[in-house]
Amino acid sequence: MCTGIRFNDASGKMFFGRNLDWSQGYGEQVVVTPAAAPVPAAFDRPNDPAPGVGHTVMGMAIIFQGIPLYFDCANDAGLAVAGLNFPQSARYAAEPQAGATNVAAYEFPFWVTRSFATLAEVREALKDVTIVAKAVNEHLPVASLHWIIGDATGSIVVECMEDGLHVWENDADVLTNEPDFGWQRTNLRNYLTLSENEPAHAAWGAAELAPFGSGMGMQGVPGDYSGPARFVKVAFVNNHYPTQESEAANVTRLFRTLASVAVPEGSVRMADGSFEKTLYTSCFSAASLTYYHAAYDDLAVRAYPLAGCDLSRTEPYVIAPAA
């Protein structure tokens, strides 16, 4: 399972990030794909940008035969995408559709960030998109995902379900897992009495009741690691965290917010007996075009500025953190 969020800093620049929760890693590393790099597409798409015309993309990925398989990524225009597990509800098209823009599920985050500069452009393009259940190879099965996409103007959620493609306007600026986003957004209404404030004293007849201390306004917030519980908690934290100004303060905000729903090993056992945990937390700053990353076993937050990358290269490549 996973959690994604976005917010803006005091000057309107976006910060976007996610927890990736799973029982094992796949050798993922921070990868940059320069705009000049030709990347094979799963289907013929005449409107895709030619090498050197589209956007440079960076994020967490594995590289397979020159194809960057991004878990989450962002581009040089400040647009970001993250894919989150959606195993019960995701239904992709079995085959490409005539007359549509066909995109394989595995390439969707890269296609979005390589092709578009703004969320408005993505919304328009999605009117003609079919997401297809095509695997990149026989060893990497199709992952059942939904996606949060954001820029400085806001975010959307993209879900392929039995009744078709849904594009949800995401005013909560968060995403977790099952159920679908529409259910999760409606469920927030069950928690509208949560407050960051200390409850007022109450009189029960002659008895005056006072709170034990701060934090009691949050009584009732769910504390388990299910998709609905994490959605409620991270939505509250993300939307009540005070707006920050500096890069450091906003990176801190993102990592602290996602830490509120991070999964420790030993708390969530999967059906195969393995334990799920938060393998990594990532953050993208559109203000500085920097990707930040911290792993479960290495809590140091490392920075990967796009300004330090060799954008003349013509293939996706793994980058090292700034010294």
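The values are calculated or read from the model by the stated rules, or taken from the named source; none is laboratory data. Since we're looking at a predicted model, the values are computed, not measured. Every residue, glycine as well, gets a Cβ built from its backbone with ideal geometry; the counts of neighbours run over all protein chains shown.
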Discussion item. I need a count of the residues in the stretch 108-139 that are surrounded by 15 or more Cβ atoms within 10 Å (Cβ to Cβ), touching a helix residue (DSSP H, G or I) at 6+ places or on another chain (Cβ under 8 Å) and among the small types (Gly, Ala, Ser).
Written reply: 3
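How many of the residues making up the stretch 247-263 are exposed (fewer than 12 other Cβ atoms within 10 Å of the Cβ) and in a loop (DSSP other than H, G, I, E, B)? Give the steps one after another, and end with the answer.
Taking the stretch 247-263 and keeping what is exposed (fewer than 12 other Cβ atoms within 10 Å of the Cβ), we get 248, 256.
Imposing the further condition that a residue be in a loop (DSSP other than H, G, I, E, B) reduces the set to none.
Residues that pass the stated criteria total 0.
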Worksheet item: For the stretch 54-110, list the strands (runs of 3 or more DSSP E) that sit wholly inside it and hold at least 3 residues that are more than 14 Å from the chain's Cα centre (by Cα); which are they?
Response: 57-64, 67-75, 101-104
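Rundown of residues vs (1) surrounded by 19 or more Cβ atoms within 10 Å (Cβ to Cβ); (2) at pLDDT 95 or above; (3) closer than 19 Å to residue 255 by Cα, yes/no style:
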| position | (1), (2), (3) |
| --- | --- |
| 8 | yes, yes, yes |
| 13 | no, yes, yes |
| 20 | yes, yes, yes |
| 28 | yes, no, no |
| 46 | no, no, no |
| 60 | yes, yes, yes |
Item to complete: Scan the stretch 51-64 for residues that are touching a residue at least 24 places away in the same chain (Cβ under 8 Å) and over 20 Å from residue 16 (Cβ atoms) and jot them down.
Response: 51, 62, 63, 64
Response to the item:
Among (1) under 26 Å from residue 38 (Cα atoms); (2) not in a loop (DSSP other than H, G, I, E, B), residue 299 falls short only on (1)
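Out of 85, 102, report the one residue that is over 18 Å from residue 283 (Cα atoms) and touching a Pro at 6+ places or on another chain (Cβ under 9 Å). Before you say what the answer is, go through the steps one by one.
On the way: 85 fails: touching a Pro at 6+ places or on another chain (Cβ under 9 Å).
Of the residues listed, the single one that is over 18 Å from residue 283 (Cα atoms) and touching a Pro at 6+ places or on another chain (Cβ under 9 Å) is 102.
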Item to complete: List every residue pair whose Cβ atoms sit under 9 Å apart, with the two residues 6 or more apart in sequence or on different chains, where the first one lies in the stretch 2-15 and is within 15 Å of residue 118 (Cα to Cα) and in a loop (DSSP other than H, G, I, E, B) and the second, anywhere, is at pLDDT 95 or above and not acidic (Asp, Glu).
Response: 12/152; 13/78; 13/152; 13/250; 13/285; 13/286; 13/287; 13/288
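With the condition being closer than 14 Å to residue 72 by Cβ, I'd like the strands (runs of 3 or more DSSP E) fully within the stretch 141-184 carrying at least 1 qualifying residues.
Passing ranges, in order: 145-151, 154-161.
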Worksheet item: For the subset of the stretch 62-76 comprising residues that are in contact with a Leu (Cβ under 9 Å, 6 or more places away or on another chain) and among the aliphatic types (A, V, I, L, M), which member is surrounded by the fewest Cβ atoms within 10 Å (Cβ to Cβ)?
Response: 63
Worksheet, complete the sentence: Cβ pairs under 6 Å, 6+ apart or interchain, first in the stretch 21-44 and free of Cβ contacts under 8 Å to residues at least 60 places away in the same chain, second among the small types (Gly, Ala, Ser) and not in a strand (DSSP E or B), ordered by first then second residue, are none
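Output yes when any residue across the stretch 187-208 is under 19 Å from the mean Cα position of the chain (by Cα), within 15 Å of residue 221 (Cβ to Cβ) and not in a loop (DSSP other than H, G, I, E, B), and no when none is. Give the derivation first.
First pass over the stretch 187-208, keeping only residues under 19 Å from the mean Cα position of the chain (by Cα): none.
No, every residue in the stretch 187-208 fails to be under 19 Å from the mean Cα position of the chain (by Cα), within 15 Å of residue 221 (Cβ to Cβ) and not in a loop (DSSP other than H, G, I, E, B).
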